[in-house]
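The values are calculated or read from the model by the stated rules, or taken from the named source; none is laboratory data. Bear in mind that the values here come from a model prediction, so they are computed numbers and not experimental data. With ideal geometry, Cβ positions are generated from the backbone for all residues, glycine too; neighbour counts draw on all protein chains shown.
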Amino acid sequence: MDALEKLKLLGPATCFEPAEEMSNTGCALARPGKSDNAFIHNAVMPGGKRIALLKTLLTSACERDCAYCAFRQGRDFRRATFTPDELADQFMRLYHKGTAGGIFLSSGVAGGGPRTEDRLIATAEILRRRHEFRGYIHLKIMPGAEREQVVAAMRLADRVSVNLEAPNAQRLARLAPHKVFDEELLKRLRWVEDIRRGMNGRWPSSTTQFVVGGSDESDVELLTTTEFLHRQAGIARAYFMAFTPVPDTPLEDHPPTPPLREHRLYQASFLLRDYGFTAEELPFSPTGNLPLESDPKLAWARQNLTHMPIEVNTADRRDLLRVPGIGPVGVDRLLRERRRGRLRELNDLHKLGVIAKRAAPFILLDGHRPSYQLALWPVR
Ligand code: SF4
């Protein structure tokens with residue numbers, strides 16, 4: 001099998017690992033033959049720059065037996081393995097052709113977590129040292145990788161990630177009976193933050209991923225852990241992957257998770273990361289899940305702001321961020337603009353990038369409810 005053939009097998013396999021903001025998301029394994037370049041993703045980097053990102057595994061061989069995973073030990077399918085040299089050379093060919101500008105590199109576990117991590121690091125070292133590649137590298141930290149390896153990966157990468165898969169040890173035991181939540185996974189994420197805090201200079205961001213719905217966990221479990229990771233482990237982002245049953249795995253009959261649940265979890269995680277919400281404040285139902293029919297910020301506002309509209313001319317940043325339709329960029333503009341004069345019309349907000357129609361039911365403009373709000377939310 002030549003390197004390009006391997007890439008065609010191993011690249012689409014990373015569809016189970018969301019990373020960075022992709023324009024072409026979705027699992028290419030579910031659409032075989034859809035594209036020769038299913039391993040290249042148009043990705044938005046931290047900071048906003050767009051690049052063509054090569055996403056691939058180093059190997060789809062794996063000695064673990066995670067119950068949901070297409071690559072679990074013993075499952076019958078065509079596997080492939082790159083050597084570090086081979087993958088680095090193939091990437092550089094794509095780089096010089098202008099097909100790829102960065103790489104996301106993960107792997108099945110073969111020969112233990114540390115030995116697998118060695119091969120990931122070796123690939124990144126070849127790219128950085130032999131090929132003098134200065135572009136974007138995202139490296140996966142394997143379960144059980146050693147602290148020195150985490151340091152080495154962080155020196156080479158722009159982003160590192162550890163897949164927690166589940167929000168706690170009990171849930172992980174159902175998804176991946178031989179992974180150890182605290183010792184093998186969470187500890188590595190904490191090391192990343194610890195190393196980042198202890199060193200000066202350029203250090204990579206870190207992320208994690210959850211499989212949503214595979215262990216019947218609730219949204220409150222996922223988001224409480226996400227909040228903890230943002231506050232205590234300094235992650236840049238949690239990724240959520242709606243569970244899809246894979247044939248010939250122990251969870252093949254488990255129902256798939258609706259993609260809308262994944263979407264609501266992203267919205268809620270941004271409220272935790274960027275809007276100053278706490279997990280406790282989120283509008284969970286008695287079962288611990290977010291409403292699917294409404295975005296969580298709107299659901300929160302309907303419960304809390306309908307009778308206490310926010311005066312946009314005097315409210316502080318925290319309160320403004322709680323109004324549907326007003327995001328962090330809109331708040332910055334709004335705070336600047338109101339120093340120049342009072343905001344009186346919905347159109348004044350619209351010009352600042354606020355989704356004025358969405359905000360209208362929850363605000364006062366110079367002491368008055370915006371006019372068409374009255375039709376939507378009668379005032380008694
Ligand atoms: S460690 Fe588990 S999730 Fe990762 S590739 Fe192996 S079986 Fe799949």
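Go through Arg115, Arg119, Arg75 for me and flag whichever is modelled with pLDDT under 95, within 16 Å of the ligand (Cβ to nearest atom) and surrounded by fewer than 22 Cβ atoms within 10 Å (Cβ to Cβ).
None of the others qualify; the one that does is Arg75.
Keeping to the stretch 264-301, report how many residues are crowded, with 20+ Cβ neighbours inside 10 Å and either at pLDDT below 95 or among the polar types (S, T, N, Q) (or both).
Summing the residues that are crowded, with 20+ Cβ neighbours inside 10 Å and either at pLDDT below 95 or among the polar types (S, T, N, Q) (or both) in the stretch 264-301 gives 1.
Checking Leu156 against (1) within 19 Å of Gly11 (Cα to Cα); (2) more than 13 Å from the ligand (Cβ to nearest atom); (3) in contact with a strand residue (DSSP E or B) (Cβ under 7 Å, 6 or more places away or on another chain), only one condition comes out false. Which one?
Of everything listed in (1) within 19 Å of Gly11 (Cα to Cα); (2) more than 13 Å from the ligand (Cβ to nearest atom); (3) in contact with a strand residue (DSSP E or B) (Cβ under 7 Å, 6 or more places away or on another chain), Leu156 misses just condition (1).
Here's a check for you: in the stretch 55-68, which residue that is more than 20 Å from Ala3 (Cα to Cα) and buried (at least 21 other Cβ atoms within 10 Å of the Cβ) is farthest from the ligand (Cβ to nearest atom)?
Applying the filter and picking the extreme gives Tyr68.
Considering only the stretch 16-44, state which residues are over 18 Å from Phe91 (Cα atoms) and either in a helix (DSSP H, G or I) or modelled with pLDDT of 70 or more (or both).
Phe16, Glu17, Pro18, Ala28, Leu29, Ala30, Val44
Can you tell me which of (1) more than 9 Å from the ligand (Cβ to nearest atom); (2) over 24 Å from Val212 (Cβ atoms); (3) not β-branched (Val, Ile, Thr) is the one Phe104 doesn't meet?
(2)
Return the pairs, sorted by first residue and then second, in which the second residue is surrounded by 15 or more Cβ atoms within 10 Å (Cβ to Cβ) and of a type in the set (S, T, N, Q), the first residue lies in the stretch 300-317 and is farther than 15 Å from Leu349 by Cβ, the beta carbons are less than 8 Å apart, and the residues are 6+ apart or on different chains.
Here the result reads Arg302/Ser294, each pair linking the stretch 300-317 to a residue that is surrounded by 15 or more Cβ atoms within 10 Å (Cβ to Cβ) and of a type in the set (S, T, N, Q).
Right, Ala52: among the hydrophobic types (A, V, I, L, M, F, W, C) and within 16 Å of the ligand (Cβ to nearest atom) or not?
On the way: among the hydrophobic types (A, V, I, L, M, F, W, C): yes; within 16 Å of the ligand (Cβ to nearest atom): no.
Judged against the criteria, Ala52 is not a match.
For Phe240, only one of the following conditions fails: (1) under 25 Å from Pro361 (Cα atoms); (2) in a strand (DSSP E or B). What is its number?
Result: Phe240 passes all but (1).
Quick check, is Arg317 surrounded by fewer than 18 Cβ atoms within 10 Å (Cβ to Cβ), in contact with a helix residue (DSSP H, G or I) (Cβ under 7 Å, 6 or more places away or on another chain) and charged (D, E, K, R)?
So Arg317 fits the description; yes.
Specify the residue that is farthest from Pro12 (Cα to Cα); the eligible residues are those in the stretch 96-115 that are in contact (Cβ under 8 Å) with a residue 60 or more places away in the chain and outside any loop (DSSP other than H, G, I, E, B).
Looking at residues that are in contact (Cβ under 8 Å) with a residue 60 or more places away in the chain and outside any loop (DSSP other than H, G, I, E, B), I get Gly113.
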